[in-house]
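The values are calculated or read from the model by the stated rules, or taken from the named source; none is laboratory data. As the structure is a computational prediction, the values presented were derived from the model and not from experiment. Cβ coordinates were reconstructed from backbone atoms using ideal geometry, including for glycine residues, and neighbour counts include every protein chain displayed.
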Amino acid sequence: MADTRTMAFNLLPLLCGLILAPFMIGVVNRTKAFFAGRNGQPLFQLYFDIFKLLRKGAVISRSTTWVFRGAPAVSLASIVFALAIFSFSQEGAALSFPGDIILAVYMLALARFATVLSALDTGSSFEGMGASREVMLAPFAEAAFLILILAAAAASGSISAATMFSAAVPLPVRILMFVSLFIVLLVENCRVPADDPNTHLELTMIHEVMVLDNSGPDLGMIFYAASLKLWLFASLTVCCIMPAGLTGSVAGDIAMRVAGVFCVSVLVGVVESVMARFRFDKVRRMLLFASALSSLALLIALGATA
Amino acid sequence: MSDFNSVFIPLRNCQQYRLSEVPVTSSEALLEAMAEQCGNGGHRISAFFALEEPGVGHRLIAILADDRNGQLACGSCLLRKPSMKSISKICPQAQLFEREIAEQFGITVEGHPRLNPVRFHKAFSGTGVWASPDGKGMLPSVIPFKRVEGQDVHEVAVGPVHAGIIEPGHFRFQCHGERVFNLEISLGYQHRGIEKSLVGAPDWRSIHLVETAAGDSTVAHTTAYCQILEALAPARDVPGSGLAVRAVLLELERMANHAGDIGALANDVAFLPTSSYCGRIRGDFLNMTAMFCGNRFGRGAVVPGGASRSLDGKGIKKLEKYFTDSFNDLADAAGLLFASPSVTERFENCGVLPKDLAKAIGVVGPAARASGISRDIRKDFPTAEYIKSCIPIAQCDSGDVHARALVRWIEAENSADFILGHLGDLVDHVAAANVAEPKLQPDSLVISLVEGWRGEVCHVAVTGKDGRFRRYKIVDPSFHNWTALELVLKDELIYNFPLCNKSFNLSYCGFDL
């Protein structure tokens, strides 16, 4: 009985993510609409869009190969994989083993790799530009993220995602991690000020331009994967300031973190509403700043454990 | 050194001259004098075009403007053979005019650095310079684009079908990574043959052709056309209230478009609040235009002899309230934009057009004023209402996107004061009588300049013996300014192209005619 209960609680965060992630995009859009003085699109719009796209046929350019057709599925699968590792409760995660965090980071990288390859496969000059921009930013974002994970590992003495973001990590480290992770979230999920998810200008896009040629179910998968990725980063951000055991009950913890994720979406919406997009070269500097914060967190964590 | 006064006669804006008063010189003398005056004489080319002289060949007519002294000059020459020398290498602002002359009349331009078609249409008469042996016309944008070759160099082709709902045009970038080496713009997709259709005019269709020369500058183009008809049929008096309605409509057009541009610039840097509010505010100003004539772009409002309608006392009260509210909203939205450091960071040093370059290529309108050139028809060559009450001119020095945005906002402020100050003049309006085919002075030439929201709108009419147009030349401000967009992109990041493009916001159909 206890085993079933534990398993249920281990799966629950993952299920929350898989079901609620598109809703999160709805919250971001509603927040932006509020600042723009509009009513905004329905909160469930992304669900409608994904279902609509899944029912449609896909148009596939003759100049593409199997890489282009396979990429959306590969990237969705990798992100679900990473999410399974990163969605944890107090008792464990859907998928958990020592060192799982490294696999999760690689899964995120694999998703990016697949998207970039598929963009290059189309041969379009726009998509090539997007791919080049994506891989130009990736090393900086990954560095910030990896140093942050090192800090969490050093402070908690664990190398598994489920136990890494725990109350054992000192508060200053967690606050630094929160800020750094939020910056990485903005860049990784093509939000303002790093990218503009609403622009129609193919010359300025980063992430959107790489999927210009995708349509139908492929595009639906890409949208869904993007929302899962946002959920993943938002829930990690929340975990930095809401470590396990804060409410005392496992269910309470999960509920609070889900609420926290929606608070992060509102925060993303507010950031998008009050500032303009950065110059491209400044996005890298912003990521270097995040890396610096992560390094500082690592230093403090090492000092605290020494 | 050629003698300026023997080649050119001084002209005034919107005044009728006998064509025989315009001196006819040799083409060498005219071209040399043009290059000299545009180089260091303080002049720029307002219009440069050809017309057919039956039995002789072609006549070239050049109209130069000296903004500082408020002086226009007109010179001409006869071409017995369809060939002329290019002055583009020493006078860059002539390059597009020369290409246009070559395209319209099949006149070969010797020594032109990049002799490509402008609008890809057949010549008005004869075979034309680019006619293929099979007699078929050219396909748009099929030209030898400048190419950069080598490692890591790539070419980006954008358009003519774009991602947004905008007009068609083709942009060819030669890039090295994110850096643009060269941009070439190829237009002509919307060529409708307006100039050719206006030969033999005026008739009942003419005003509608002019109204649609550039849809967002309807009032400016129609005012320029009406001023020409009024100069050529001087018996007709334009009532003061008619002139006031025209001026108010012209400033409303300016405000609507400047508001829209400020919002669009905010949208291009993803600055949400200003971008969403300005779209609505632009619509408000368009609706105010519709209060006058029932059309949001001012079609049918300006007619020869004045304006078709005005507002009564009650309508003016309503307009004043509506206008004040919308302007206050615009002030809030623009204030937010210019107060945001993240926006300023994107706007400053982006797409810089230095003053020297702007002068050399003859840029007009807000783009010129943002580069520190004091150039505004309302100040330099005022007509009608602008003689009575002068409007302050907005100016900036930096020549970047920020300057162009700021100039637009200051101009909107000045226009607002002008409109509110002139609401009282709109009453007791006498509607202009509708004369579809007025009798015009024969063998005459008139130039009519109007400062539209994009810059100088220039119309030139030449009438024949029968009092009908032998040639009607329209120069939209976009004709001067597209070259500026090509040049500011040199060494700019391709990422910034949409922002630079929007900061000029040029017309495709005004260029294509």
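Restricting region B:262-318 to residues that are buried (at least 18 other Cβ atoms within 10 Å of the Cβ) and on the phi > 0 side of the Ramachandran plot, the residue that is nearest to the other protein chains (Cβ to nearest Cβ) is B:Ala270. Which one of the conditions (1) under 30 Å from B:Met34 (Cβ atoms); (2) of a type in the set (S, T, N, Q); (3) surrounded by 19 or more Cβ atoms within 10 Å (Cβ to Cβ) does B:Ser374 fail to meet, given that it meets all the rest? So B:Ser374 meets the others, but not (3).
Just one of the listed residues (A:Ala153, A:Ala109) is away from chain B (no Cβ under 14 Å), surrounded by fewer than 18 Cβ atoms within 10 Å (Cβ to Cβ) and either over 26 Å from B:Asn496 (Cα atoms) or free of Cβ contacts under 8 Å to residues at least 12 places away in the same chain (or both), and it is A:Ala109.
Apart from one condition, A:His207 fits all of (1) within 23 Å of A:Asn29 (Cα to Cα); (2) at pLDDT below 90; (3) in contact with a Leu (Cβ under 9 Å, 6 or more places away or on another chain); (4) buried (at least 18 other Cβ atoms within 10 Å of the Cβ); the exception is (3). Only residues that are in contact with a Lys or Arg (Cβ under 7 Å, 6 or more places away or on another chain), surrounded by fewer than 16 Cβ atoms within 10 Å (Cβ to Cβ) and in a strand (DSSP E or B) were counted across region B:7-55, and they come to 1.
From the list A:Ser96, A:Ser75, A:Ser118, the lone residue that is in a loop (DSSP other than H, G, I, E, B), small (Gly, Ala, Ser), touching a helix residue (DSSP H, G or I) at 6+ places or on another chain (Cβ under 6 Å) and in contact (Cβ under 8 Å) with a residue 60 or more places away in the chain is A:Ser96.
To keep it simple, each residue is scored yes or no on (1) without any contact (Cβ under 8 Å) to a residue 24 or more places away in the chain; (2) more than 14 Å from chain A (Cβ to nearest Cβ).
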position	(1), (2)
B:Ile143	no, yes
B:His154	yes, no
B:Asn182	no, yes
B:Arg205	yes, yes
B:Gly215	no, yes
B:Val219	no, yes
B:Thr223	no, yes
B:Ala231	no, yes
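For region B:271-328, a tally of residues being in contact (Cβ under 8 Å) with a residue 60 or more places away in the chain and within 27 Å of A:Lys32 (Cα to Cα) returns 4.
State whether one or more residues within region A:223-230 are closer than 23 Å to A:Lys282 by Cα and hydroxyl-bearing (Ser, Thr, Tyr). No, region A:223-230 contains no residue that is closer than 23 Å to A:Lys282 by Cα and hydroxyl-bearing (Ser, Thr, Tyr).
Out of B:Asp428, B:Asp397, which single residue is under 30 Å from B:Lys318 (Cβ atoms), part of a loop (DSSP other than H, G, I, E, B) and away from every other protein chain (no Cβ under 14 Å)?
Numbers: B:Asp397 fails: under 30 Å from B:Lys318 (Cβ atoms).
Going through B:Asp428, B:Asp397 in turn, the sole match is B:Asp428.
Within the set B:Glu437, B:Glu492, B:Glu486, the sole residue that is within 14 Å of another protein chain (Cβ to nearest Cβ) and surrounded by fewer than 23 Cβ atoms within 10 Å (Cβ to Cβ) turns out to be B:Glu492.
For region A:210-226, give me each residue that is buried (at least 24 other Cβ atoms within 10 Å of the Cβ) and either among the polar types (S, T, N, Q) or within 10 Å of chain B (Cβ to nearest Cβ) (or both). Passing the criteria: only A:Asn214. Is there a residue in region A:179-189 that is at pLDDT 90 or above, closer than 20 Å to A:Ser235 by Cβ and small (Gly, Ala, Ser)? Yes, region A:179-189 contains at least one residue that is at pLDDT 90 or above, closer than 20 Å to A:Ser235 by Cβ and small (Gly, Ala, Ser).
Checking each residue in region A:198-208 for being more than 9 Å from every other protein chain (Cβ to nearest Cβ) and in a loop (DSSP other than H, G, I, E, B) picks out A:Met205, A:Ile206, A:His207. Reported count of residues in region B:22-53, each being touching a strand residue (DSSP E or B) at 6+ places or on another chain (Cβ under 8 Å) and in contact (Cβ under 8 Å) with a residue 40 or more places away in the chain, is 22.
Only a single criterion out of (1) within 24 Å of A:Ala77 (Cβ to Cβ); (2) in contact with a Phe, Trp or Tyr (Cβ under 9 Å, 6 or more places away or on another chain); (3) among the charged types (D, E, K, R) is not satisfied by A:Glu202, namely (1). Here A:Ser180 fits the description: in a helix (DSSP H, G or I), hydroxyl-bearing (Ser, Thr, Tyr) and within 24 Å of A:Asp253 (Cβ to Cβ). If you go through region B:258-307 and keep only what is touching a Pro at 6+ places or on another chain (Cβ under 7 Å) and in a helix (DSSP H, G or I), you end up with just B:Asp268.
Return a yes/no flag: does region B:93-107 have any residue that is part of a strand (DSSP E or B) and either buried (at least 18 other Cβ atoms within 10 Å of the Cβ) or assigned by TED's automatic domain parsing to the domain that holds B:Leu449 (or both). No - not one qualifying residue is present in region B:93-107. If we scan region B:342-351, do we find a residue that is within 14 Å of chain A (Cβ to nearest Cβ), touching a residue at least 60 places away in the same chain (Cβ under 8 Å), outside any helix (DSSP H, G or I) and aromatic (Phe, Trp, Tyr)? Looking for residues that are within 14 Å of chain A (Cβ to nearest Cβ), touching a residue at least 60 places away in the same chain (Cβ under 8 Å), outside any helix (DSSP H, G or I) and aromatic (Phe, Trp, Tyr), one finds none in region B:342-351, hence no.
Here A:Gly245 meets the list (1) without any contact (Cβ under 8 Å) to a residue 24 or more places away in the chain; (2) not aliphatic (A, V, I, L, M); (3) not in a helix (DSSP H, G or I) almost entirely, failing just condition (1).
Please report, ordered by residue number, the strands (runs of 3 or more DSSP E) entirely within region B:124-200 with at least 1 residues that are of a type outside the set (Val, Ile, Thr), touching a helix residue (DSSP H, G or I) at 6+ places or on another chain (Cβ under 8 Å) and surrounded by fewer than 17 Cβ atoms within 10 Å (Cβ to Cβ).
Because the criterion is at least 1 residues that are of a type outside the set (Val, Ile, Thr), touching a helix residue (DSSP H, G or I) at 6+ places or on another chain (Cβ under 8 Å) and surrounded by fewer than 17 Cβ atoms within 10 Å (Cβ to Cβ), the strands (runs of 3 or more DSSP E) in region B:124-200 that meet it are B:153-158, B:179-186.
Return yes or no: is B:Leu252 within 30 Å of A:Asp195 (Cβ to Cβ), of a type in the set (A, V, I, L, M, F, W, C) and either part of a helix (DSSP H, G or I) or within 14 Å of chain A (Cβ to nearest Cβ) (or both)? Don't jump to the end; show me each part of the working.
Values: within 30 Å of A:Asp195 (Cβ to Cβ): no; of a type in the set (A, V, I, L, M, F, W, C): yes; either part of a helix (DSSP H, G or I) or within 14 Å of chain A (Cβ to nearest Cβ) (or both): yes.
Judged against the criteria, B:Leu252 is not a match.
Step by step: first the residues of region A:6-39, then only those that are within 14 Å of chain B (Cβ to nearest Cβ) and among the aliphatic types (A, V, I, L, M), then the one that is surrounded by the most Cβ atoms within 10 Å (Cβ to Cβ). Which residue is that? The qualifying residue surrounded by the most Cβ atoms within 10 Å (Cβ to Cβ) is A:Val28. The residues of region A:279-294 that are farther than 28 Å from A:Phe23 by Cβ and within 11 Å of chain B (Cβ to nearest Cβ), listed by number, are A:Arg279, A:Phe280, A:Asp281, A:Lys282.
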